[in-house]
1. On the basis of being over 25 Å from the mean Cα position of the chain (by Cα) and at pLDDT 85 or above, does B:Val318 make the cut?
2. Say whether the condition of being part of a loop (DSSP other than H, G, I, E, B), without any contact (Cβ under 8 Å) to a residue 40 or more places away in the chain, at positive phi and open to solvent by 30 Å² or more (accessible area, probe 1.4 Å) is met by at least one residue in segment B:314-327.
3. In segment B:120-149, what residues are in a loop (DSSP other than H, G, I, E, B), open to solvent by 30 Å² or more (accessible area, probe 1.4 Å) and within 14 Å of chain A (Cβ to nearest Cβ)?
4. Please go through segment B:391-411 and give me each residue that is in contact (Cβ under 8 Å) with a residue 12 or more places away in the chain, over 17 Å from B:Val355 (Cα atoms) and open to solvent by 20 Å² or more (accessible area, probe 1.4 Å), ordered by number.
5. Within segment A:163-183, take every residue that is under 15 Å from A:Pro261 (Cα atoms) and of a type outside the set (A, V, I, L, M) and give me the one that is farthest from the other protein chains (Cβ to nearest Cβ).
6. Condition check: on the phi < 0 side of the Ramachandran plot, modelled with pLDDT under 90 and open to solvent by less than 40 Å² (accessible area, probe 1.4 Å). Does A:Thr215 satisfy that?
7. Hey, which of the strands (runs of 3 or more DSSP E) in segment B:58-119, taking only ones fully inside, have at least 1 residues that are of a type outside the set (Val, Ile, Thr), without any contact (Cβ under 8 Å) to a residue 12 or more places away in the chain and away from every other protein chain (no Cβ under 13 Å)?
8. Do the conditions hold for B:Leu307, that is, is it aliphatic (A, V, I, L, M) and under 16 Å from the mean Cα position of the chain (by Cα)?
Amino acid sequence: MFDFVAFIPRAVAQSIPLLYGSTGETITQKSGNLNLGIPGVMYVGAICGVIGSFLYERACGTPEAMNPVLTIAIPLFFCLLGSLLMGLLYCFLTVTLRANQNVTGLAMTTFGVGFGNFFGGSLIKLTGADVPSIALSATSNAFRRTFPFAATTGWVGKIFFSYGFLAYAAIIIALIAAHIIRKTRTGLHLRAVGESPATADAAGINITAYKYAATCIGCMIAGLGGLYYVMDYACGVWSNDAFGDRGWLAIALVIFTIWRPDVGILASILFGGLYILYLFIPTGMNLAVKELYKMLPYIVTIVVLIITSMRNKRENQPPASLGLSYFREER
Amino acid sequence: MAERVPAVSLRGITKTFGSTVANKNVDLDIYRGEILALLGENGSGKTTLLNMLSGIYYPDAGQIFIDGQEVTIRSPKEAFDYGIGMIHQHFKLVDVMTATENIILGLKDKGKLDLKGASAKIREICEKYGFQIDPDQKIYEMSVSQKQTVEIVKVLYRGADILILDEPTAVLTPQETDKLFAVLRNMREAGKTVVIITHKLHEVQDISDRVVVFRKGEYIGQMITKETNPQKMTDMMVGHAVTLNIERPDPVDPKPRIQIEGLTVRSEEGIVKLDDVSFTANSGEILGIAGISGSGQKELLEAVAGLQKVEAGHVYYVEDDGTKEELIGKDPLEIQKMGVALSFVPEDRLGMGLVGNMDLSDNMMLRSFREGHSVFTDRKHPHDLAEHVREELEVNTPGLSTPVRRLSGGNVQKVLVGREIASAPKVLLTAYAVRGLDINSSYMIYSLLNKQKQSGVAVIYVGEDLDVLLELADRIVVLCGGKVSGIVEGRGADKNEVGLMMTKLGGGSDLA
């Protein structure tokens with residue numbers, strides 16, 4: 001019998017970074033910015049959180065000396081700050097200087113991964129440990145604190161209450177993002193900017209402000225995905241390149257969810273499940289089969305891309321001006 | 001009317017773009033509750049003037065008064081604050097949004113976004129004036145006329161009481177036009193002011209209370225529509241013939257070269273662009289095509305060049321010995337090989353025929369890259385040709401490797417026309433070859449065309465300036481709304497007569 005009670009919490013934990021990333025990217029894309037730098041932003045968000053928490057843990061010395069609020073607030077602040085700077089960099093290049101969005105995004109991903117690995121390596125050297133990783137267990141414990149009744153309510157508790165606060169925050173942020181995009185004036189204007197900046201401009205909407213705000217907020221949300229991964233999923237252990245290619249999966253999710261963060265909640269759990277399915281399928285000693293199962297999320301992504309590209313409904317298409325810079329003079 | 005205070009008064013408005021004067025010292029009064037038509041040929045400055053009123057442009061000189069108060073209008077938003085809204089020819093709508101969402105876009109109302117309330121208000125406006133749109137329909141599902149309606153409702157929703165419509169009927173079928181006019185009359189009854197820019201006389205007669213005529217950026221005069229007739233309006237619109245002293249050598253041994261019979265073309269939206277057009281273009285003569293822009297000139301040339309789907313009719317290429325060959329159904333490359341060259345200068349100059357980012361030689365190569373037998377392209381001949389065109393036509397460029405997009409408009413056009421002529425065509429189709437050129441460059445193009453004519457080429461020249469056509473062309477085909485309104489001899493043609501043909505089928509001055 002397939003062990004759902006064990007599988008679902010793992011799938012959810014796996015899905016949260018993807019959900020953060022895809023929510024952030026959806027908001028960004030709605031403004032017409034195709035930010036392929038999201039994987040890099042998530043790396044930067046993670047490492048900045050790690051740096052903040054590392055410095056704080058060092059300063060306090062023992063876990064008992066740490067203020068519970070600051071333990072969470074400091075990494076959170078560092079993470080948001082790092083991601084925000086990445087967002088500002090992207091906007092400055094693509095909106096103000098009108099650089100090519102694809103090139104800028106890819107460069108930022110390369111930069112972000114390198115940035116993470118460089119400072120990760122430096123911190124590992126500072127600790128002087130034998131293993132190539134940093135363990136921030138005190139901070140991680142704070143991030144992983146679950147509802148007190150999670151352990152006592154059986155499978156209900158395991159499936160619904162056994163996560164750290166960042167997991168619930170991801171779902172709430174996704175729901176709020178979906179509401180804002182579809183139901184509010186801000187969302188209407190944001191969509192107009194992404195669909196037809198010239199129209200939005202003529203209607204008196206500040207294109208630059210919307211693009212900057214959407215992209216920076218999107219980056220900050222995506223950065224939280226990186227933070228969740230290190231502090232909660234990986235139990236506070238940073239090792240270089242461990243985050244892997246989740247950032248790319250997050251971008252694939254944006255297309256999969258047809259630019260709807262609320263759909264993203266379920267879709268990311270599906271992706272998270274596929275990501276770890278190989279652990280739950282008995283494959284015996286045949287390791288090659290395991291590798292095949294590991295391919296699943298990527299195969300699904302390819303299939304989904306094919307299907308979504310074939311759908312012709314206009315509402316399900318990417319924002320019309322996605323990836324294009326806007327010059328007022330070129331109307 | 002004289003005792004009423006005008007809602008809008010323009011005084012001494014002047015606007016220049018570079019060296020071209022778009023408006024010169026224009027005075028105009030607009031009164032409440034009237035439909036005012038601005039009549040003039042293309043480029044007579046009607047749209048520019050009203051763009052200044054709606055905040056798109058800012059006048060170089062002059063004053064704008066609204067209800068007697070002097071105002072400055074810097075942006076479309078400020079124009080709205082004065083109750084002025086303009087509906088442009090190119091719609092500004094977001095395709096994937098509903099009509100309602102588009103209409104309220106950019107409004108900074110307080111409180112929650114209330115789409116239902118907005119829809120209800122839109123329905124109310126629709127009912128009041130007789131619009132027929134569904135506020136919840138997506139724009140991409142709408143026809144052109146519905147999109148236009150959304151634009152009009154958008155302006156009304158924002159509380160405008162002076163509406164400016166820039167050639168609103170250009171994209172409409174006759175039935176849709178009637179509907180639009182009915183709505184405009186309803187708006188007049190409700191006390192709104194409507195200003196409509198047009199160059200169609202029958203529309204002026206149909207809808208307007210008063211007509212103001214513009215010519216070459218200047219205010220010519222105004223008339224009460226009921227008290228005037230097409231003859232008078234045309235006289236004002238085209239003015240007296242101006243002598244340009246363009247050379248016109250006699251046709252050389254004219255023989256039929258292109259024979260067009262019953263050509264009918266529909267646009268993708270199903271609007272008839274050419275209706276049963278028949279005429280013959282002879283070798284060794286320049287055939288002018290006159291007509292208000294959008295009367296089917298582009299479609300006509302494209303049909304001959306094989307770029308346009310044809311619904312009915314024939315285009316024959318006639319050899320010297322009289323054998324005919326059908327061009328319709330052939331692909332553009334074949335037609336080109338038969339010696340039909342098309343040089344079309346669109347409004348943005350680079351849109352057709354030249355690649356802006358490529359240099360002169362590479363652009364020459366666009367015509368010849370298929371020649372030769374090696375896998376490598378022949379770069380030498382295009383290079384020589386570019387050098388030749390540059391010398392012959394005095395193209396002012398830093399070098400042959402300069403991207404065409406960096407050249408000035410006149411030079412771009414010389415390159416385009418020069419390349420087409422260099423292919424030694426039997427038929428040369430040119431459209432707007434002198435668009436935006438200064439006088440010297442224009443005369444150079446005219447003499448190029450004359451040279452082609454004298455060497456026996458059948459030149460078809462689509463022009464905007466009637467004065468030029470009258471002096472350059474041997475015969476003139478006048479188009480009106482996609483139909484041939486008449487064919488006149490270039491020598492001795494009367495400008496007013498041609499002008500009347502352009503605006504009214506057959507050109508008769510009898511009132512319908």
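1. Considered against the rule, which asks whether it is over 25 Å from the mean Cα position of the chain (by Cα) and at pLDDT 85 or above, B:Val318 comes out as yes.
2. For segment B:314-327, residues part of a loop (DSSP other than H, G, I, E, B), without any contact (Cβ under 8 Å) to a residue 40 or more places away in the chain, at positive phi and open to solvent by 30 Å² or more (accessible area, probe 1.4 Å): present.
3. Residues satisfying the conditions are B:Asp136, B:Gln137.
4. B:Glu392, B:Glu394, B:Asn396 - these are the residues of segment B:391-411 that are in contact (Cβ under 8 Å) with a residue 12 or more places away in the chain, over 17 Å from B:Val355 (Cα atoms) and open to solvent by 20 Å² or more (accessible area, probe 1.4 Å).
5. A:Tyr168
6. no
7. B:69-71
8. no
The values are calculated or read from the model by the stated rules, or taken from the named source; none is laboratory data. Values in this document were obtained by computation on a predicted structure and should not be read as measured data. Backbone-built Cβ (ideal geometry, glycine too); neighbour counts: all protein chains shown. Surface areas here come from the heavy atoms of the whole protein model, side chains and all, with no ligands, DNA or RNA. Shrake-Rupley method; radii C 1.70, N 1.55, O 1.52, S 1.80 Å.
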